[in-house]
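Visitor: I have a structure here, written as structure tokens, and I will follow up with some questions on it.
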Amino acid sequence: MNQVNATKMEKRMHARIRKNNILKVVFLLATLFGLAVLAVLLVRVITQGAAWLDWDFITGRLSTSADRAGIMGALLGTVWLMVVVIPVTLIIGVGSAIYLELYAKKGKLQSFIQTNISNLAGVPSIVYGLLGLTIFSRVMGLGNAVLAGGLTLSLLVLPILIVSSQEAIRAVPKYLAEASYGMGATKWQTIKNVVLPASLPSILTGAILSLSRAIGETAPLTVLGIPALLIPFPEGLFDTFTALPMQIYYWTLDSSLVKEYAYLAAATIIVLLVLLFLLNSVAIFIRNKFQQRY
């Protein structure tokens, strides 16, 4: 009897090991597939756009002639967009997460709001474009200015940041807050000095994901009517502007007419990726600094 049990046990062990090895290969293939797609994309973009990437291209103005076209206007427009999106998203997103997690009374209303915020994260971006067109462009009269584009993109990424910030706040060990209360700190002092610093690394991870999506979005800007024309450089929040994703979109669209536009689009994608890398590097530096402290 004992011999039979030992044989069955050995078979089960072999089956588990075989299952573990199969899953390991599946996960490895999934990772390699993602890396391969990314590598193909980067190689294609770099081989097409690197030869067109020079200082004149970065600092030049838009032009219908591919040889003289530059992206400084679109680059400045993207930077101005981030000037609006970053503070609006962080202040409203983190503030909403703090209220829902630490101040709002738990109940059906809080659960209803929470469910809707989670659902909003999956709404197509073009719907936010229609919302921004109605509220910011027409009702508030901002037209297709930088402020209208920035507020629309903030609406788009707010649900992502709120949900990720709530998860970060929930992950802070409760004994830290209880120790703060035990020392006589008020609720706001506990949030400011304990909860926020401890949850900041995870909040910044959500912010990185949110801003990465905002900087590359095209659909909401298309609905707002953001042009890719020969317009002056934007100098303020109420100026008309264009952005790097819009320029990439229009050049790709017109590449069937002018072949060189495809190379200009590839060079612009490289600039957009570098800008995204720089923004994320700053956030990752701050996140790592706080991770070492907590």
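What follows draws every value from the coordinates through simple rules; no lab data is involved. All values derive from a computational prediction rather than experimental measurement. Please note: Cβ atoms are built from the backbone with ideal geometry, for glycine as well, and neighbour counts cover all protein chains shown.
Visitor: What does the charge count near residue 156 come to, summing +1 for each Lys or Arg and -1 for each Asp or Glu among other residues with Cβ under 9 Å from its Cβ?
Guide: 0
Visitor: Let me ask something else about it. Just 114, 189, 247 to compare: in a GNM of the chain, with alpha carbon springs under 10 Å, which one fluctuates most?
Guide: Among 114, 189, 247, the largest GNM mean-square fluctuation belongs to 189.
Visitor: Place the peptides 39-51, 136-148 in order of packing, highest mean first, counting for every residue the other Cβ atoms within 10 Å and averaging per peptide.
Guide: Highest-to-lowest ranking by the protection proxy: 136-148, 39-51.
Visitor: Which order do peptides 16-23, 67-74 fall in by mean Cβ count within 10 Å, highest first?
Guide: 67-74, 16-23
Visitor: Nearest 0.05, what FRET efficiency do residue 44 and residue 6 give at R0 = 45 Å with Cβ-Cβ as r?
Guide: Values: r = 57 Å, r/R0 = 1.27.
The computed FRET efficiency comes out at 0.20.
Visitor: Under a crude label model (7 Å from the Cα following the beta-carbon direction), how far is residue 51 from residue 123 in nanometres?
Guide: Using points 7 Å along Cα→Cβ, the separation is 4.6 nm.
Visitor: Order these peptides, 75-81, 211-217, 256-262, 7-13, by their mean beta-carbon neighbour count within 10 angstrom, highest first.
Guide: Per-residue mean Cβ counts within 10 Å order the peptides as 75-81, 211-217, 256-262, 7-13.
Visitor: Using R₀ = 45 Å, calculate the FRET efficiency as 1/(1 + (r/R₀)^6) where r is the Cβ-Cβ separation of residue 139 and residue 18; round to 0.05.
Guide: 0.10
Visitor: Take every Cα pair under 8 Å in the stretch 103-182 that's 6+ residues apart, average their separations, divide by the length, and report that relative contact order as a whole percent.
Guide: Relative contact order comes out at 31 percent.
Visitor: Report the Cα centroid-to-centroid distance between the stretch 206-247 and the stretch 17-75 in angstrom, as an integer.
Guide: Computed from Cα coordinates, the inter-centre distance equals 20 Å.
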